[in-house]
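The values are calculated or read from the model by the stated rules, or taken from the named source; none is laboratory data. Bear in mind that the values here come from a model prediction, so they are computed numbers and not experimental data. We place every Cβ from the backbone using ideal geometry, glycine too, and count neighbours over all the protein chains shown. Just so you know, the surface numbers come from the protein's heavy atoms only, side chains and all, with ligands and any DNA or RNA stripped out. Shrake-Rupley method; radii C 1.70, N 1.55, O 1.52, S 1.80 Å.
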Amino acid sequence: MHFKVAICDDEKAALEYISQAIQPLFANLHYTVSIDCFSRSQQLLDVLQSGNQYHMYFLDIEMPSIDGIDLGNLINQYSQDFPYNIIYISNRLEKVFDTFRVAPLRFIRKQYFYEEISEAVNASITYIMDRVKNMISFETENGLLSLPFQNILYIESNNKTQLVVTPQNTYTILSSLNKLEIDLMDKGFIRIHRCYLVNYCHIYLIQQDSV
């Protein structure tokens, strides 16, 4: 699997040593990784707003304009349908409890960075791989889209394309509903109508003419 990693820290030296430290950790586990570094929170947000996603976010806390905690909350909003996690790297230990509302996977102390980074990366990879097992990939005009099964509410036929609906977003994919019915039959999706596949986990009411 190829992992995409974002590092955001307003100190250039921190961006360099974090990037140099984590790259060989992926190689040692026989995974490939691409790393993008951002010196300002807004730069990272601009990338997310364009539709790009990352599997892992390594964030400083004390940054100008948008601090790491506010940035983490925004990442959670943009990435709800994507397998990702957030790891804080900071000396601001008094901020640990403030990060709980972001639900980061790890909090690494900068003064113990080299002692703690390996465990954090390993835990992050394990977390992502566990989530990927429960995902399905769809072909779109912009490439492959991967979503967790449990996030999909239903799929609606829209002529030659299909609409995949989650609680947060609606995605247009390139497939036939008949093919999707076969692919998703063992994942708990039910064909309730010629135009709809429904995830049975989200059914709460069945009536004569509606679900």
Apply the Karplus parameterisation 6.51 cos²θ - 1.76 cosθ + 1.60, with θ equal to phi minus 60°, to every residue of the stretch 199-206 and state each ³J(HN,Hα) to the nearest whole Hz, in sequence, with x for glycine and proline.
-> 6, 4, 4, 9, 6, 10, 7, 10
Using the heavy atoms of the protein chains and a 1.4 angstrom probe, tell me the accessible area per residue for the chain in square angstrom.
-> 55 Å²
Quick note, the stretch 89-132: a/c under 1.5 would make it rounded; otherwise a/b > b/c is prolate and the rest oblate (a ≥ b ≥ c, C-alpha gyration tensor); here it is oblate
Across the stretch 95-112, in residue order, what do the Karplus-derived ³J(HN,Hα) couplings come to in whole Hz, using 6.51 cos²θ - 1.76 cosθ + 1.60 with θ = phi - 60° and x for Gly and Pro?
-> 8, 3, 5, 5, 6, 4, 6, 8, 6, x, 6, 8, 10, 9, 7, 4, 6, 10
Taking only protein heavy atoms and a 1.4 Å probe, the highest-to-lowest accessible-area order of 181, 16, 141 is 141, 16, 181
With r defined as the distance between the Cβ atoms of residue 183 and residue 49 and R0 fixed at 30 Å, what FRET efficiency is calculated, to the nearest 0.05?
-> 0.45
Using a simple charge model, +1 on the beta-carbon of Lys and Arg, -1 on the beta-carbon of Asp and Glu, nothing else, what dipole does the chain show about its Cα centre, in debye to the nearest 20?
-> 500 debye
Prolate/oblate/rounded call for the stretch 1-117, Cα gyration tensor, a/c under 1.5 rounded | rounded
5 angstrom amide H check on residue 166, placed H, neighbours 5+ away | 153, 171
Residue by residue through the stretch 159-174, which ³J(HN,Hα) values in whole Hz follow from phi under the Karplus form 6.51 cos²θ - 1.76 cosθ + 1.60 (θ = phi - 60°), with glycine and proline marked x?
-> 6, 7, 10, 10, 9, 9, 10, 10, x, 9, 9, 10, 10, 9, 10, 9
Alpha carbon centroid spacing (whole Å) that separates the stretch 92-123 from the stretch 136-211 | 37 Å
Might you work out the accessible area of residue 195 for me, using a 1.4 Å probe with all protein chains in place, and round it to the nearest 10 Å²?
-> 30 Å²
So which lysines pass the test for residue 160, namely a Cα distance under 29 Å, with those fewer than 8 places away in the same chain ruled out?
-> 133, 179, 187
The stretch 23-121: relative contact order as a whole-number percent, Cα under 8 Å and 6+ apart = 23 percent
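Give the carbon-plus-sulfur fraction of the accessible surface of the stretch 97-211 in %, rounded to a whole number; probe 1.4 Å, heavy atoms of protein chains only. It would help to have the intermediate numbers written out before the result.
Values: 3690 of 7350 Å².
Solvent-exposed carbon and sulfur of the stretch 97-211 make up 50 percent of the total.
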Could you sort 137, 175 by accessible area so the largest value comes first, with the probe set to 1.4 Å?
-> 137, 175
Over the chain, calculate the relative contact order: mean separation of alpha carbon pairs under 8 Å at least 6 apart, over the residue count, as a percent.
-> 13 percent
For residue 63, the residues 5 or more places away or on another chain with a placed amide H closer than 5 Å to its own amide H are 68
Roughly how many nanometres apart are two label points built 7 Å out from the Cα toward the Cβ at residue 204 and residue 146?
-> 3.0 nm
Rounded to the nearest 0.05, what FRET efficiency is calculated for residue 31 and residue 195 with R0 set to 41 Å and r the Cβ-Cβ distance?
-> 0.55
Measure of exposure for residue 191: accessible area at 1.4 Å probe, Å² rounded to 10, is 70 Å²
Does the stretch 159-211 come out rounded, prolate or oblate by the C-alpha gyration tensor, with a ≥ b ≥ c the root eigenvalues, rounded set by a/c under 1.5 and, if not, prolate when a/b is larger than b/c and oblate if not?
-> prolate
With r as the distance between the Cβ atoms of residue 23 and residue 158 and R0 = 30 Å, compute the FRET efficiency 1/(1 + (r/R0)^6) and round to 0.05.
-> 0.10
